[in-house]
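What follows draws every value from the coordinates through simple rules; no lab data is involved. Computed from a predicted model, the values in this text were never measured in an experiment. No Cβ is skipped: glycine too gets one built from the backbone with ideal geometry, and neighbour counts run over all protein chains shown.
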């Protein structure tokens, strides 16, 4: 499905906005010009939508915590480009995956390098008045696995322009999404909404993630926690497992589920 | 001391006086070198304040060149000149992340100025099972590798660390000073506050301090 048809589908399904991913699809790459981004915005606005935030699909290959300086510099550049794109698209937040612990790149090293680089990026973000939301990709990153540690990490960065883009599906069996919401409160820039099969574990191409209400998240508790911290920002549905048939039906189903979550009819 | 992102052209990154040791850090203008420089700066800053107050004559006795990739003729000349004045140089290669041309040039200059024969960089393969550089000097410690090593052909007496069977670090007397060559990057581990790296780094600094002070005594005796 092309970009234009995609935004029209989202509108028909009842969404208010769209999260754009730099590096994911041909129409939004590092080489995409400002004029081309403005043209995308026109299509989004013509469909009656807004841009919720700008994410990227590049951090997994080019991360600010990489040992290789070429990858690290590329990561810095694509995050800068996200910030520029966010300004053009009229949104005030971006999503980054900051810090990847691997077999070869140890935790302490990743921690220090990520804090240092985000401090530099915070200066860029402050000038653009765009918030950097650091996503909690806990299991995939092997990094910042507890909400307290994530909080200490943000304390060390020490900038109001760097917060957490909280994904309530990513916590798996290492904690409870509602507790993350409570602990981070005003530092939450955006929330990704998906469900998780906590006891499945990744096996081959089987995803642990699933549609809202199909997994193990406690949606009553998540909703209450969002109310408690007065979260009134975007809820962004993210689906890793796709319908094998009638793919557009998943977009409609997720929208209905989201509407019921927001309305408290669960 | 604050950290700056100074380009190589400006070159004097930090100037630190610790326990009778005047130290300079010469980073290049890329994040690999800058991060390593931050690690070495952190190491120097850890010296106790009482010791720092006892700083020496004002002459630089330690130069740290972190994560060097594009070594120039001028840089080699200047380092050799400072060694002739009695300075010790910790030269940490970043050749594992440089172009083939830069690495060849660096190897040529290391041999020409310091008589150190450097082999091409090799990635550290996890399948070989060697994750740690085994230092035998200044302390016997295992220190984590940093992706690639740039090994050396060196006299047995000069080699101070190995990865498996490959010699990766050397201590070599040059003129009145000397060279500590690090074929595996140490600075990023210092920045990450890895205890073994900090212990080895601190012992290297202590060695340079002691050697420089002995050299100073000798110099004064000669003047007498």
Averaged over residues of B:23-34, the number of beta carbons from other chains lying within 10 Å of each residue's Cβ is 2
Which whole-number percentage describes the relative contact order of region A:29-95, with Cα contacts under 8 Å and a sequence gap of 6 or more? 40
Quick one: compute the contact order of region B:66-224, relative version, from alpha carbon pairs under 8 angstrom and 6+ residues apart, as a percent. 24
Quick one: of the DSSP bridges fully inside the protein assembly as shown, what percent are antiparallel, nearest 5? 45
With a ≥ b ≥ c the root eigenvalues of the C-alpha gyration tensor of region B:112-220, is it rounded (a/c under 1.5), prolate (a/b larger than b/c) or oblate? oblate
Express the relative contact order of region A:1-119 as a whole percentage, based on alpha carbon pairs under 8 Å and six or more residues apart in sequence. 25
When a/c is below 1.5 the answer is rounded, else prolate if a/b is larger than b/c, else oblate, so apply that to region B:67-165 with a ≥ b ≥ c taken from the square roots of the Cα gyration tensor eigenvalues. oblate
I'd like to compare B:189-195, A:36-42: which one has the highest average count of other Cβ atoms within 10 Å, and what's the full order after that? B:189-195, A:36-42
